[in-house]
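Notes follow once the structure below has been shown.
The values are calculated or read from the model by the stated rules, or taken from the named source; none is laboratory data. This is a predicted model, so every value here is computed, not measured. Quick reminder, even Gly has a Cβ in these numbers, built from the backbone with ideal geometry, and neighbours come from all protein chains shown.
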Amino acid sequence: MNDQNLTKGKATQFSAGEMQARTARKGGLAKAANARARKEREQRWRELLAMEDFSGMTFQERMDRAMIKRVDESGDPQAYEKIMEYAGLSPRLDLQAEDRKIKREELKLKREEFEAKKPAGEVTDIEDLTILAELINDPDSDD
């Protein structure tokens, strides 16, 4: 190994805060690039779905009619559920929204309980996590 080619201090040329900022910036740029790519892909699919064929109907319109025809002819419950879901009339969507609301309320109550059980004074992150883990894994809870 040639010691003359090694530069001392290169690895620590940036402080921890500067390295964190650089890493966060790179992550933000990657996230923005992924969002742009996803938006472009969605736009291409919308354009494909909106293309008209010789009958003057779009692909999406033809697929919608085919689903409705399938339900009408065969009584397929899965196709019916999909139609209702697309139309925003599915009871499953309401149940999912209600489940999310309940989970948010549970987390809010656990957070309040956690804050109430925190000992007064200086508490380390490890102690905070221990208290929170005990609350989450509490066998007396309704989970």
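Can you pull out the residues in the stretch 89-111 that are of a type in the set (A, V, I, L, M, F, W, C), assigned to a helix (DSSP H, G or I) and within 18 Å of P77 (Cβ to Cβ)? Write out each step before concluding.
From the stretch 89-111, those of a type in the set (A, V, I, L, M, F, W, C) are 89, 93, 95, 97, 102, 107, 109; that's our starting set.
With the extra rule that they be assigned to a helix (DSSP H, G or I), the set shrinks to 93, 95, 97, 102, 107, 109.
Result: L93, L95.
Among the candidates R36, R62, R44, which residue alone is outside any loop (DSSP other than H, G, I, E, B), in the same structural domain as I83 (by TED's automatic domain parsing) and of a type in the set (D, E, K, R)? Before you say what the answer is, go through the steps one by one.
Numbers: R36 fails: in the same structural domain as I83 (by TED's automatic domain parsing); R44 fails: in the same structural domain as I83 (by TED's automatic domain parsing).
Being outside any loop (DSSP other than H, G, I, E, B), in the same structural domain as I83 (by TED's automatic domain parsing) and of a type in the set (D, E, K, R) holds for just one of R36, R62, R44, which is R62.
Hey, could you check the stretch 68-83 for residues that are within 28 Å of R44 (Cα to Cα) and more than 29 Å from the chain's Cα centre (by Cα) and say which is surrounded by the fewest Cβ atoms within 10 Å (Cβ to Cβ)?
The initial filter retains those residues of the stretch 68-83 that are within 28 Å of R44 (Cα to Cα), namely 68-70, 78-83.
Now narrow it down to the ones that are more than 29 Å from the chain's Cα centre (by Cα): 68-70.
On the way: I68: 13, K69: 11, R70: 16.
Filtering first and then ranking leaves K69.
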